[in-house]
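The values are calculated or read from the model by the stated rules, or taken from the named source; none is laboratory data. Everything quoted here is computed from the prediction, not taken from an experiment. Glycine gets a Cβ as well: all are built from the backbone with ideal geometry, and neighbour counts include every protein chain shown.
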Amino acid sequence: MSLVVRTDAGRVRGAAHSGLFSFKGIPFAAPPEGELRFGAPARPKKWDGVRDAFAFATAAPQRPLAPGAPPLWSPGDGLDCLALNVWTPDPGAAGLPVMVWLHGGGWLIGGTAMPGYDATVLAGHGVVVVTVGYRLGFEGFGHVPGAPGNRGLRDQIAALEWVRANIAAFGGDPGNVTVFGQSAGAASIALLLSSTRGLFRRAIAQSVPDGYHSVEEAGAVTGRLAEKAGVAPTREGLAALPPEAFLEVPGDVGPVVDGDLVTGPPWESLGGKDVDLICGFTHEEYRLYPRGGELAAMDKAAAYRAAHPETSDPELFTMLMSDMLFRMPSTWVAEAHAASGGRTWLYDFAWRGPEFGACHTVDVPFVFGNGDTRMAARVLGSPPPADFAPLSKRMRDAWTSFAATGDPGWPRFEAGSRVTRVWDTEPSDGPYPLDASREIWS
């Protein structure tokens with residue numbers, strides 16, 4: 001069974017399954033190729049007839065997610081990656097809550113075709129779910145003279161504008177949009193809070209990372225890349241290179257503080273106090289990454305030893321890196337939003353998987369309800385433990401309740417109380433759990 005829906009660019013045909021309809025690979029912007037390479041997202045060309053929306057679009061150019069993992073993108077796939085996907089429980093409804101997902105991956109990897117982001121289970125809670133593809137790496141965030149910066153963020157804005165214009169045709173309410181994302185997706189949300197007035201009403205930022213670049217830093221990366229490739233560091237010179245030439249960028253690539261779309265780290269330039277915000281982190285973020293490291297080489301090692309005298313050096317290193325990379329940035333975003341008068345909720349995801357504990361990304365399978373994917377198996381084990389399903393249901397209830405009503409089911413995070421939800425087999429609410437770390441980093 002299929003269903004045809006009209007969008008502002010043309011009609012699309014979606015497929016029925018599991019009691020709902022999905023529409024995949026709908027373009028929200030033109031392919032950023034040819035004259036549009038390194039440009040701001042442009043409106044897609046309209047089409048005649050009905051376009052099948054049964055398959056995901058290609059991912060943005062990127063390296064494999066991990067050794068041995070099937071690639072999301074290969075040379076020859078091109079740049080036609082600016083597409084989104086819609087899952088709706090009732091296309092004939094009027095005014096269903098809408099949730100728009102921005103995936104993580106360090107602004108370098110990831111895509112909406114990853115099975116962990118299948119929104120069938122989540123949409124079954126009575127919400128319309130949209131997942132968004134956007135430009136990554138140098139294509140999305142590299143400094144290109146004469147071209148707009150932070151193109152990946154601009155792609156996300158274009159997708160949200162598409163949602164506002166079209167989501168009612170899928171049963172959604174364009175006035176009740178919640179954008180949610182993890183890691184790079186969470187940072188994107190925090191950065192967009194001050195520049196997307198009216199495009200979303202609520203936001204959920206899961207594990208906001210640190211890591212933002214000055215124009216000078218980004219320009220130096222471009223210079224090194226152009227020199228290595230033997231081209232001029234200009235838009236024309238860089239556009240002559242194929243996408244795969246940018247997959248080994250000699251330096252970090254991510255959001256650039258350009259004074260235009262991005263005016264600083266999100267906790268320093270946070271806007272959007274009229275947007276309700278859930279912000280949170282996993283309790284042992286850094287456990288996903290290679291173990292080890294020299295605690296003694298870290299600037300704040302002595303302060304961590306003094307605050308946690310019974311903790312071993314490897315555990316202190318994990319704690320320090322978790323704080324530096326994710327837990328403190330997420331806390332600062334929540335504090336800044338609450339201080340501005342915005343309605344704010346904070347959580348600490350403490351449920352521990354069998355190998356990596358409460359590591360970075362472990363919360364994502366719980367939110368989507370997908371416990372049997374390759375990504376989930378790494379952090380949950382295979383099959384997932386018995387307590388996965390009930391805790392996942394509780395998180396999905398909280399996320400979708402927040403999207404529908406603005407109430408996730410636990411007290412707000414405010415200057416006086418600083419109540420934090422701890423997600424574990426038995427969720428609980430209590431005082432903010434990282435006061436010692438917060439004091440060190442203040």
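Scanning segment 92-119 for residues that are touching a strand residue (DSSP E or B) at 6+ places or on another chain (Cβ under 8 Å), over 21 Å from residue 371 (Cα atoms) and crowded, with 20+ Cβ neighbours inside 10 Å yields a count of 3.
In segment 67-81, the residues that are in contact (Cβ under 8 Å) with a residue 40 or more places away in the chain reach residues that are surrounded by fewer than 17 Cβ atoms within 10 Å (Cβ to Cβ) and of a type outside the set (Val, Ile, Thr) with C-beta atoms within less than 6 angstrom, at least six apart or across chains, in these pairs: 75/244; 79/33.
Can you tell me which residue within segment 13-72, out of those that are in a loop (DSSP other than H, G, I, E, B) and of a type in the set (S, T, N, Q), is surrounded by the fewest Cβ atoms within 10 Å (Cβ to Cβ)? Before the answer, list the steps.
Start the filter on segment 13-72 by keeping residues that are in a loop (DSSP other than H, G, I, E, B), which leaves 18-19, 28-33, 37-49, 53-72.
Cutting the leftovers down to of a type in the set (S, T, N, Q) gives us 18, 58, 62.
Values: 18: 12, 58: 21, 62: 22.
Filtering first and then ranking leaves 18.
Sub-6 Å Cβ pairs linking a first residue in segment 31-56 that is closer than 20 Å to residue 165 by Cβ to a second residue that is crowded, with 18+ Cβ neighbours inside 10 Å and of a type in the set (Val, Ile, Thr), at least 6 apart or interchain, are 51/12; 53/12; 53/26, ordered by first then second residue.
For segment 323-383, list the helices (runs of 4 or more DSSP H) that sit wholly inside it and hold at least 2 residues that are among the hydroxyl-bearing types (Ser, Thr, Tyr); which are they?
328-339
Looking at segment 290-312, which of the residues that are at pLDDT below 90 and surrounded by fewer than 16 Cβ atoms within 10 Å (Cβ to Cβ) is nearest to residue 267 (Cα to Cα)?
Restricting attention to segment 290-312, the residues satisfying the condition of being at pLDDT below 90 are 290-299.
Applying the additional criterion that residues be surrounded by fewer than 16 Cβ atoms within 10 Å (Cβ to Cβ) yields 290-292, 294, 296-297, 299.
Details: 290: 28, 291: 28, 292: 29, 294: 28, 296: 28, 297: 27, 299: 22 Å.
Per the criteria, the residue is 299.
Scanning segment 258-276 for residues that are out of contact with any strand residue (DSSP E or B) (no Cβ under 6 Å at 6 or more places or on another chain), modelled with pLDDT of 85 or more and buried (at least 19 other Cβ atoms within 10 Å of the Cβ) gives 261, 262, 265, 266, 267.
Summed over segment 58-93, the residues that are over 18 Å from residue 21 (Cβ atoms) and out of contact with any Leu (no Cβ under 6 Å at 6 or more places or on another chain) give a count of 21.
The set of residues from segment 22-68 being of a type in the set (Asp, Glu) and under 23 Å from residue 246 (Cβ atoms) comprises 33, 35.
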